[in-house]
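The structure under discussion appears below in the form of structure tokens.
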Number of protein chains: 2
Amino acid sequence: MNIRKPRFRGDPAGEGCPVEYTLDIIGGKWKGVLLYHLIDGTKRFNEFRKICPSITQRMLTLQLRELEEDGIVCREVFQQVPPKVEYSLTDLGRTLVPIILHMKQWGESFRKCEQLPK
Amino acid sequence: MNIRKPRFRGDPAGEGCPVEYTLDIIGGKWKGVLLYHLIDGTKRFNEFRKICPSITQRMLTLQLRELEEDGIVCREVFQQVPPKVEYSLTDLGRTLVPIILHMKQWGESFRKCEQLPK
DNA sequence: CGGTATCCGGCCAGATACTG
DNA sequence: CAGTATCTGGCCGGATACCG
């Protein structure tokens, strides 16, 4: 599994395809899962780590920051000890929910097709 | 814009999230555009190059091969000179069309939001 | 708890040349 | 026309250590 993630803001030769634009935002290595788990409510940093044990701290931070930059996710810092940070979907982020759910449904329906012996 | 593409078949720690599974298939650097342009019919190799002038021959081949491996795209070779190869959506590929169109629609609707001065 | 900072190997992807 | 082959740089992303 090599999950390099795209992101080509600026899109030098991007032909401005809207599909690419959308994929640029949600297609990141972990963004799909992160967004999916944000659908049912606010999450804290370490909650994500429990949900996705294989994501590193670094990658989690980076992916969340990108989603934040794109206005998809809201990061709320509580000034207290111990620190607490909550992540949630923005209004813009919520407009992506149907797509995420659709992709989830598709994945569930067709994953089994790949299991077939080649 | 750095467009590394994912693909993590095998998914050692993938948590088996269906969303990730779907993104693994359509989230490739160029797959969104390629699939989108296949919606309205069969395309030849060089037609894609005209549509996406910035994609290299190598990448086009690789992306199409992956889509083919995943059973999304059908590659049909015509034994003739000069050679002719046609690409089209498979039945499985066609089940992705609603998602692609949905992403296109989202991209069109919200791209403008990014134009706003930060 | 929720992060940075830094180092570094590996793979992605571009460029270029060649082919059936 | 529709590819393959090869080389290479650069970024992705893991590991580790440290911090407010």
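FYI, it's all coordinate maths here, none of it is from the lab. Keep in mind that what you see is a predicted model, and the values were worked out from it rather than measured. Glycine also receives a Cβ, built like all others from the backbone with ideal geometry; neighbour counts cover every protein chain displayed.
Please count how many residues of the range B:76-91 are free of Cβ contacts under 8 Å to residues at least 40 places away in the same chain, under 18 Å from B:D40 (Cβ atoms) and of a type outside the set (S, T, Y).
2
Residues in the range A:21-67 that are aromatic (F, W, Y), surrounded by 19 or more Cβ atoms within 10 Å (Cβ to Cβ) and under 14 Å from A:S88 (Cα atoms): how many?
Result for the range A:21-67: 2.
Please work out which residue is nearest to DNA strand D (Cβ to nearest atom), limiting yourself to the range B:41-53 and to residues that are away from chain A (no Cβ under 13 Å) and part of a loop (DSSP other than H, G, I, E, B).
Among those residues, the one meeting the criterion is B:T42.
Kindly indicate whether any position in the range A:18-39 is assigned to a loop (DSSP other than H, G, I, E, B), away from chain B (no Cβ under 12 Å) and within 22 Å of A:F78 (Cα to Cα).
So far as the range A:18-39 goes, no, none of its residues is assigned to a loop (DSSP other than H, G, I, E, B), away from chain B (no Cβ under 12 Å) and within 22 Å of A:F78 (Cα to Cα).
For the range B:45-81, give me each residue that is under 26 Å from A:G16 (Cβ atoms) and touching a Phe, Trp or Tyr at 6+ places or on another chain (Cβ under 7 Å).
Within the range B:45-81, B:C52, B:I55, B:M59, B:L60, B:Q63, B:L64, B:V73 meet the criteria.
Go through the range B:75-104 residue by residue and tally those that are of a type outside the set (K, R) and in a strand (DSSP E or B).
Here the count works out to 8.
Being within 12 Å of chain A (Cβ to nearest Cβ), away from DNA strand D (no atom under 12 Å from the Cβ) and polar (S, T, N, Q): is that true of B:T56 here?
Judged against the criteria, B:T56 is not a match.
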